[in-house]
Amino acid sequence: MSEPGDLPEAEPVPAAPAASGTAWDEPAAGPAGDERAPEGPGPAGALPDEEEPAGRPSRSCRPPRPGRPRRPGRRALVVLIALILLLLAAAAAGAEHLVRGRVGAVVRAAVPGLCADAEARTQGLLLTQLLTGSLDTLTLTSSCLHLEQQGEDTALDLRDVTATLTGVGLRSPHPARSLDATGTITWEDLGTLIANASPTLDQVAAAPEEHGTVTAPGAFTVTCEVLGADAVLLVVPSLTQDGGLLMTVTRATVAGVGLDLAGEDSLATTLLGTPVPEVVLDRDLLPHGLSFSAVVVTEEGLRVSMSGQDLELATLSR
């Protein structure tokens, strides 16, 4: 007890409970018997939903991170490589053009019988073919071609010539694996050839009578003089078995009188100077290795096709 006049003693203040973590470490108790696990703070550094630190922009509003700066040296290297490739491509194209321009000159030198307007075309890259020493394919076009058998007096002139060759060697004598060509024997030249093959005929002239097709060669007429009398022959061209040209006379008149062509000793055979009423232009007209493969009557003359294997361009003419 206190004495009168003394101050009353202060009552002790109860101590505050010790802190044990954050405010949500002690969740409120749920209904009786329902104990829920406390909700933790989530992944490290994460904040509760819809809570962002003050003054920090949200993730959706943050600017993108700047990319890595490009190296000037790498860009310069790419540009340099591109320039080198362009220069190589331009050099290859220039060399290809130069080689193609030389092919025509080489062909005209190898085949002097071609006209000056002859053109040569090739297929594929020539630079790679030069390494093999031959051209895969060569196509020639010319307004004329003079063919002459070496060592012989016979010759053949063709007009409007187209030829395709394969495996053409680039060095003399320029061997070729194959040759297929077409050309026209003019009516004037054909008359000369028939006169040379039949010495009994004079003043020979040929002209178309019926134009031919792929399946039928057609027919032509030959006007001439036989023993001083005018004669007219109707001739059908064809091929011999060995690749020559066969001119078969199917009708003949001399001085306006028709002749019998059936008998072996007919007047027609006597006048022609042959055992049968026909004239043969054999393959000796062509250079060695070539033979006739087709013949058709056209307005300009006899359109003939020729073919050959394993021949040399240097022997086609001289």
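Throughout, read-outs are computed from the coordinates displayed, never taken from laboratory work. For clarity, every value in this text was computed on a predicted model and none was experimentally measured. Because the Cβ atoms are built from the backbone with ideal geometry, glycine has one as well, and the counts that use them run over all protein chains shown.
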Quickly work out the residue 205-to-residue 305 label distance, labels modelled 7 Å from Cα along the C-beta direction, and quote it in nm with one decimal.
3.3
Modelling each spin label as a point 7 Å along the Cα-to-Cβ direction, I'd like the residue 282/residue 132 distance in nm, to one decimal.
3.8
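Please give the length that would be gained between residue 260 and residue 143 if that part of the chain were fully extended, namely 0.36 nm times their separation in residues minus their C-alpha to C-alpha distance (nm, one decimal). List each step's numbers first, then the result.
Numbers: separation 117, 0.36 × 117 = 42.12 nm, distance 4.14 nm.
Between residue 260 and residue 143, full extension yields 38.0 nm more.
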Contour excess over end-to-end distance, with Cα ends at residue 186 and residue 116 and 0.36 nm allotted per residue
23.3 nm
